[in-house]
Amino acid sequence: MSVIDEPPKTFKEAMERPDFHLWLAAMIDKINSITKHGVWKQANCPTDKNVVECRWVLTYKRGPNGKILLQLNIKTAFLHGDLDEEIYMEQPEGFRDNDKSVWQLVKALYGLKQAARAFYLRLREVLTRIGFTQCETDHAVFWQREDNKLAIILAHVDDMLLAGTPRSYLEDIKVDLAKSFDIVDLGEAQMFVGVKITRD
């Protein structure tokens, strides 16, 4: 394995690589998504508040390589969750406007301990609004039945399996989800959260 196969550990390391333009483009895309979702506003930090450290976590995303259930991913999922508290964060390296100002977070952001729960609450709100019922024994499972149509969603953070019948019903559900989230349709997959799925 060469050093290019390993993701960089820091912003500086990413900018020193031959493929730096790919990492920079991904960072710009992420900053644009954060801005689009209204996650932050520039502010002067009150002296009685702590400032959360900001650092880039750089990694490769692997795509699905098989066929089975419909698999969806919610792009920038954590940016959809609302925050109930006042949190200030350093500006990200490489994107600092002013050394003295910080970001006051308005919505959840990757790395915050509240982020996963904030997104889950938003996802549950959306699924309930479009007619899904949450399973009482597993809160990551949602189902919807309408006449002879059935849909089941298994959610794991920002990844979802969507199963049911008929296919047109599932397609309608994807359209409904896309009204609230930026959905990436991964098609039929054979792996979900590290578990290989096979069908006879």
Out of all the residues in region 10-35, which are of a type in the set (S, T, N, Q) and in contact (Cβ under 8 Å) with a residue 40 or more places away in the chain?
-> Thr10, Ser33
Filter result (at pLDDT below 85, exposed (fewer than 12 other Cβ atoms within 10 Å of the Cβ) and part of a loop (DSSP other than H, G, I, E, B)) within region 7-21 | Pro18, Asp19
Could you check how many residues of region 28-45 are buried (at least 16 other Cβ atoms within 10 Å of the Cβ), assigned to a helix (DSSP H, G or I) and over 15 Å from the mean Cα position of the chain (by Cα)?
-> 0
Sort out which residues of region 134-149 are within 22 Å of the chain's Cα centre (by Cα), in a strand (DSSP E or B) and more than 13 Å from Leu72 (Cβ to Cβ), and write them in order of number.
-> Gln134, Val141, Trp143
Those residues of region 150-200 which are out of contact with any strand residue (DSSP E or B) (no Cβ under 7 Å at 6 or more places or on another chain) and either among the charged types (D, E, K, R) or part of a loop (DSSP other than H, G, I, E, B) (or both) amount to Val157, Arg167, Glu171, Asp172, Asp176, Lys179, Ser180, Gly194, Lys196, Thr198, Arg199, Asp200
Of Leu58, Leu24, the only residue that is surrounded by 10 or more Cβ atoms within 10 Å (Cβ to Cβ) and modelled with pLDDT of 80 or more is Leu24
In region 82-133, anything assigned to a loop (DSSP other than H, G, I, E, B) and among the basic types (Lys, Arg) is listed as Arg96, Lys100, Lys113
From Ile74, Ile87, Ile68, Ile34, residue being more than 29 Å from Val106 (Cα to Cα) and either modelled with pLDDT under 80 or not small (Gly, Ala, Ser) (or both) | Ile68
Please indicate, with yes or no, whether at least one residue in region 100-118 is over 21 Å from Leu83 (Cβ atoms) and among the β-branched types (Val, Ile, Thr).
-> no
What are the residues in region 142-173 that are exposed (fewer than 15 other Cβ atoms within 10 Å of the Cβ), of a type in the set (D, E, K, R) and touching a residue at least 12 places away in the same chain (Cβ under 8 Å), if any?
-> Glu146
Counting only residues that are surrounded by fewer than 15 Cβ atoms within 10 Å (Cβ to Cβ) and at pLDDT 85 or above, how many does region 96-120 have?
-> 2
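The values are calculated or read from the model by the stated rules, or taken from the named source; none is laboratory data. Everything numeric here is computed off the predicted structure, so don't read it as measured data. Don't worry about glycine lacking a Cβ; one is built from the backbone with ideal geometry, like all the others, and counts go over all protein chains shown.
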